Amino acid sequence: MARMSRREFVKAGAKGVALATIPAIFKLNPLTAFATPAKENATLSDYYAHFGVDESLVRQVMAAGLERGGDYCDIFFEHRINSYVGLLDNAVDRAYSDVDLGVGIRVIEGDQTGYSFTEDLSPKAIKLAATTASNIAHEGKSVAAVALEFHPSPDYYPLKTLWEDVGIERKIPYLEKINEKVFSLDKRLVKSEIGFEDEGWYVLIITSEGRVVYDYRPMVTISVNCIAEEKGRREQGYFSLGPRAGIEYFTPERIDQLAGQAVRNTIDLFEAVKPEGGEMEIVLASGNSGILLHEAIGHGMEADCNRKGISIYADKIGKPIAESFVSIIDDGTLPNYRGSINVDDEANPSQKTYLVEDGILKSYMHDRISAGHYKVKPTGNGRRQSFRFAPLPRMRNTYMLPGPHTKEEIIQSVKKGLYAESFTNGAVYIGAGDFTFYVATGRMIENGRLTRPVKDINIIGNGPEVLRNIVMVGNDLKMYEGGGYCGKDGQHVLISDGLPTCKVSSITVGGVAS
Amino acid sequence: MNKSERMQLAQWSAGRARKAGAADAAITVANQRDIDVEHRDGKLDKLQESTQNYLALKLYVNGRYSAHTTCDLRKETLGKFIEDAVTMTGHLTEDPFRALPNPKYYAGRREVDLQINDPFYADVTSERRVAIAREIDELTRSQSDKIVSATSYYSDSHAELAKVHTNGFEGETESTTFEAGVEVAASDGDKGRPQDYEWRSFRFFKDLATSQVLARAAVDRVLGRLGQTKIATGVYDMVVENRAVSKLLNALTEPMGGYYLQQKSSFLDGKLGEKVASERLTLIDDPFIPAGLNSKTFDFEGMATRRRVMIDKGILKAFYIGDYYGKKLGMEPTTSSSTNTVFEYGARSPEEMLGDIKKGILVTGFLGGNYNSTTGDFSFGVFGKLVEDGRIVKAINEMNVSGNLAELFNQLVEVGNDPYVYSALRRPSMRFEGISFSGI
């Protein structure tokens, strides 16, 4: 839903710093008061020390959170170091950084939430935040203190060097190399803007059920935006790669891919036309088309909206909703993928969750509150943008398993339709199931063959209807590897998606009316 | 942090940056207190309270530039943060256009009370906040038995900011915002659960819309969507409601920004002084509206704000040019971003405008879609109403509207008399002729 979030304007003061961020040239962490523990051999007391706290303080905070009788409390410490260095007009002449440090305290009573956070990690400020969050509860029952036990997490995003140890001088050559390649590939290029954003996000979560987890979440995105000009006409194109990985991810092949694909996405547009609009068959290319799953079914399967009774999928568990060759998964465990998490933001283990198996609706994506409501185990989907927000059920990497058809036979089966290749954004009204996604580039299909390139087309459909209308699924699953975000209730989290080549028998394509 | 502590911290940080080797620096220190209440289906759902602080730092070091933010304002860590930031800036390439604005642009700041800070803020109690949210929730659900869920919201915010530039700028602001509204879902049989919302923002508590008004508006909207279907692809006349038309206006004004012009990614590049819209469109940037949601006497680069006609009867008169991209483009700066936007409003209400429509679509909202700033091409998902012979016939959804922004705004034939005052973009409803819709 399109509710304006005021929170977004916090930090807008450094505007122009859209990608607010910390340059890793800081050899000494700016938060010198708190040592960053090495990944190996660290113990729980090192993790507490990272935030300048210890177990006794954590226990006092937990007690303050539950002093008015909440059912549950969690404490979410975060330290995030984000850096951006950018190239514009052939010069690496801008760098932005952002350091975030704070703690969020949540108290739950039934399915009601009390939340408060502070950027001040003094014992007094943390306890005050806990007391504020405790105000949601009124029942006066008391929760017994339990032993705090550290649960080590698996590592789904191995990397060689922590991002804060990678100096800006190591990043600059990547930008220069990509820029050089971009301009060597086509004479029509007039502008390129290249961004290198990276992040190290430390979280320490303690729950009143005694779970303690610690995680370091790396992220990097290189994005390339190009403008080309031909006979007075201009076009723009874009490409990005954005894994949870270290700098070693950017091999020479990937650098070539970044430059090559960004240029292709720009130059191809000179031949592109707007299609005629209306209902038609569409074939979704493998990869980024997973945005279809994200919008058509993913959001409707996030259990908060089902709990509130507003999802169109609210009473469909166990029922067939698609052809038997359709299986859809939300998976937080794919190595180095952008939507992967070792542990969710409520200290629950990440997992691979079947949403649809052989056409049958299997499971929602849960956070703690919705899992309690439905009396099921959490699925590890409780995520938040930062310590400033209470968690919500959110997607991770959402994809469809390969099906029985080949890409060629799928395209050949279409008389007149659209082949959608690259996408920029999507949106959904969860209740009615109406969703859209925006096709930046694609081609028309005429008599079973790919023909004219097309561009700037919005596709709109109804989630459950489109799922029923998936009539062919290819054997060529590909994951999207770009820099994807998902926004919901004013919170942004990293996600990815994937799809094999798929055919939808009918959907409305935005075009020119004749 | 109080007013003088905030200004002192900004000055201290500026001094520290200079001592570390920066030629110049711009510092912003801000604090903000937020309280949010959500009430759902008869129960308090969420209470959130917080105070946030940040320091933003722009550094000019040897002709090089970088910018940083942190929420760790302890002087011992902040000093180190600033020193390290100055050092890293040295690795960048020189940029001859990076400098603080010429102080002449700071001059002439208007001495005026913008009325953006409500002293009553301190007297609003927690009980009152929860009571407002509860009342909206209850009133919403009592309007119709078709409602399956209502979530009401109340929130308020108090923000303070101090800004210092080492070449002579100092500025401070203090403002409040009060917001209330409700999201509602209704049952439409097996056709799903359409949702809609009503949500309004104000600078003063006393101006908040009554719970009855918010509840009624949200429920009218969602019930109006029952039975929605798509209709035939074709060319229709279009009226876009004031609340919704921001989607189209933002697509027009964003490419009027200096960054887009300098990066050759604006379809309006080179069009200054030319006709870019029908003569019905006059768009004015007005930073001085009393209690305006984006009223200000200086922009985020410290430049004194002025009232400016941006589009005059369809003629493009000015771009939104900040100091840096102004220097790169060789253009005089205007303002780095829009403040409040007002229009030359028409004589008729949207209902009267619909009276002239033989066959058309009233757009009440957009869903997704995007536009291409370089070419002006757009394609957006829409929902709304089918209008025949001046009457609303049925609800429609799952359709797209597509075209080119340059053409679209030339197809504007009328603007309404109904500025949407709950936003800094005070847009009226707009009527267009001959627009392509895709449906069945």
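The values are calculated or read from the model by the stated rules, or taken from the named source; none is laboratory data. Everything numeric in this text was worked out from a predicted model, so none of it was measured. Positions of Cβ are generated from backbone atoms using ideal geometry, with glycine treated the same way; all protein chains shown enter the neighbour counts.
State all residues of the stretch A:447-477 that are within 14 Å of chain B (Cβ to nearest Cβ) and on the phi > 0 side of the Ramachandran plot; if no residue qualifies, say none.
A:Asp456
For A:Thr353, the conditions (1) in contact with an Asp or Glu (Cβ under 7 Å, 6 or more places away or on another chain); (2) at pLDDT 95 or above; (3) assigned to a loop (DSSP other than H, G, I, E, B) are fulfilled apart from (3). With respect to being surrounded by fewer than 19 Cβ atoms within 10 Å (Cβ to Cβ) and of a type in the set (Asp, Glu), A:Glu346 falls outside the description. Out of all the residues in the stretch A:159-175, which are in a helix (DSSP H, G or I) and among the aliphatic types (A, V, I, L, M)? Of everything in the stretch A:159-175, those that are in a helix (DSSP H, G or I) and among the aliphatic types (A, V, I, L, M) turn out to be A:Ile168, A:Ile172, A:Leu175. Identification of strands (runs of 3 or more DSSP E) wholly contained in the stretch B:299-409 with 3 or more residues that are surrounded by 23 or more Cβ atoms within 10 Å (Cβ to Cβ), out of contact with any Pro (no Cβ under 6 Å at 6 or more places or on another chain) and within 12 Å of chain A (Cβ to nearest Cβ) yields B:359-371, B:377-388, B:391-404. Scanning for something closer than 18 Å to B:Asn370 by Cα, within 14 Å of chain B (Cβ to nearest Cβ) and crowded, with 22+ Cβ neighbours inside 10 Å, does the stretch A:239-251 turn up at least one residue? Within the stretch A:239-251 (the criterion being closer than 18 Å to B:Asn370 by Cα, within 14 Å of chain B (Cβ to nearest Cβ) and crowded, with 22+ Cβ neighbours inside 10 Å), the answer is no, since none of the residues qualifies. Exactly one residue out of A:Tyr157, A:Tyr115 is at pLDDT 95 or above and either over 23 Å from A:Ala371 (Cβ atoms) or facing chain B (nearest Cβ under 8 Å) (or both), and it is A:Tyr157.
Taken together, B:Ala14, B:Ala22 contain a single residue that is more than 8 Å from chain A (Cβ to nearest Cβ), crowded, with 19+ Cβ neighbours inside 10 Å and assigned to a loop (DSSP other than H, G, I, E, B), which is B:Ala22. Scanning the stretch B:121-132 turns up one or more residues that are within 30 Å of B:His39 (Cβ to Cβ), away from chain A (no Cβ under 14 Å), surrounded by 17 or more Cβ atoms within 10 Å (Cβ to Cβ) and not aliphatic (A, V, I, L, M). Do we have any residue at all in the stretch B:262-276 that's β-branched (Val, Ile, Thr) and out of contact with any helix residue (DSSP H, G or I) (no Cβ under 9 Å at 6 or more places or on another chain)? Taking every residue of the stretch B:262-276 in turn, none turns out to be β-branched (Val, Ile, Thr) and out of contact with any helix residue (DSSP H, G or I) (no Cβ under 9 Å at 6 or more places or on another chain). Here A:Gly102 clears all of (1) more than 30 Å from A:Asp256 (Cβ to Cβ); (2) without any contact (Cβ under 8 Å) to a residue 60 or more places away in the chain except the condition numbered (2). Residues that are in contact with a Lys or Arg (Cβ under 8 Å, 6 or more places away or on another chain) and within 8 Å of chain B (Cβ to nearest Cβ) were ranked within the stretch A:423-439; the one that is farthest from A:Ala272 (Cα to Cα) is A:Gly431. Restricting A:Tyr354, A:Tyr364 to those that are crowded, with 23+ Cβ neighbours inside 10 Å and closer than 25 Å to A:Val504 by Cβ reduces the list to A:Tyr364. The set of residues in the stretch A:163-184 that are buried (at least 17 other Cβ atoms within 10 Å of the Cβ) and among the charged types (D, E, K, R) comprises A:Glu164, A:Lys171, A:Lys177, A:Lys181.
Remark: A:Phe196 falls outside the filter, which requires a residue to be farther than 17 Å from A:Gly69 by Cα, surrounded by fewer than 20 Cβ atoms within 10 Å (Cβ to Cβ) and among the aromatic types (Phe, Trp, Tyr). Within the stretch B:34-52, is there a residue that is among the hydroxyl-bearing types (Ser, Thr, Tyr), in contact with a Leu (Cβ under 6 Å, 6 or more places away or on another chain) and either within 7 Å of chain A (Cβ to nearest Cβ) or in contact (Cβ under 8 Å) with a residue 12 or more places away in the chain (or both)? No - not one qualifying residue is present in the stretch B:34-52.
Go over the candidates B:Asp377, B:Asp418 one by one and state the one that is at pLDDT below 95 and under 26 Å from the mean Cα position of the chain (by Cα).
Values: B:Asp418 fails: at pLDDT below 95.
None of the other options fit; the residue is B:Asp377.
Here the condition is being surrounded by 24 or more Cβ atoms within 10 Å (Cβ to Cβ), within 14 Å of chain B (Cβ to nearest Cβ) and either under 26 Å from A:Asp71 (Cβ atoms) or modelled with pLDDT of 95 or more (or both); of A:Ser370, A:Ser386, it holds for A:Ser370 alone. Of the strands (runs of 3 or more DSSP E) lying entirely inside the stretch A:417-514, the ones with 1 or more residues being in contact with a helix residue (DSSP H, G or I) (Cβ under 6 Å, 6 or more places away or on another chain) and in the same structural domain as A:Gly332 (by TED's automatic domain parsing) are found at A:434-446, A:449-462, A:470-473, A:496-499, A:502-509. Failed condition for A:Glu230, given (1) out of contact with any strand residue (DSSP E or B) (no Cβ under 6 Å at 6 or more places or on another chain); (2) buried (at least 19 other Cβ atoms within 10 Å of the Cβ), with all others met? All conditions pass for A:Glu230, except number (2). Report yes if B:Leu272 is more than 22 Å from the chain's Cα centre (by Cα), under 26 Å from B:Ala304 (Cα atoms), outside any helix (DSSP H, G or I) and at pLDDT 95 or above, otherwise no. Spelling it out, B:Leu272 is indeed more than 22 Å from the chain's Cα centre (by Cα), under 26 Å from B:Ala304 (Cα atoms), outside any helix (DSSP H, G or I) and at pLDDT 95 or above.
Screening the candidates B:Arg193, B:Arg216, B:Arg243, B:Arg225 for the property of being in a loop (DSSP other than H, G, I, E, B) and at pLDDT 95 or above yields one hit, B:Arg243. Of all residues in the stretch B:186-223, those being touching a residue at least 60 places away in the same chain (Cβ under 8 Å), within 14 Å of another protein chain (Cβ to nearest Cβ) and polar (S, T, N, Q) number 1. All of B:Asp95, B:Asp45, B:Asp24 fail the test of being acidic (Asp, Glu), closer than 24 Å to B:Ser157 by Cα and touching a strand residue (DSSP E or B) at 6+ places or on another chain (Cβ under 6 Å), apart from B:Asp45.
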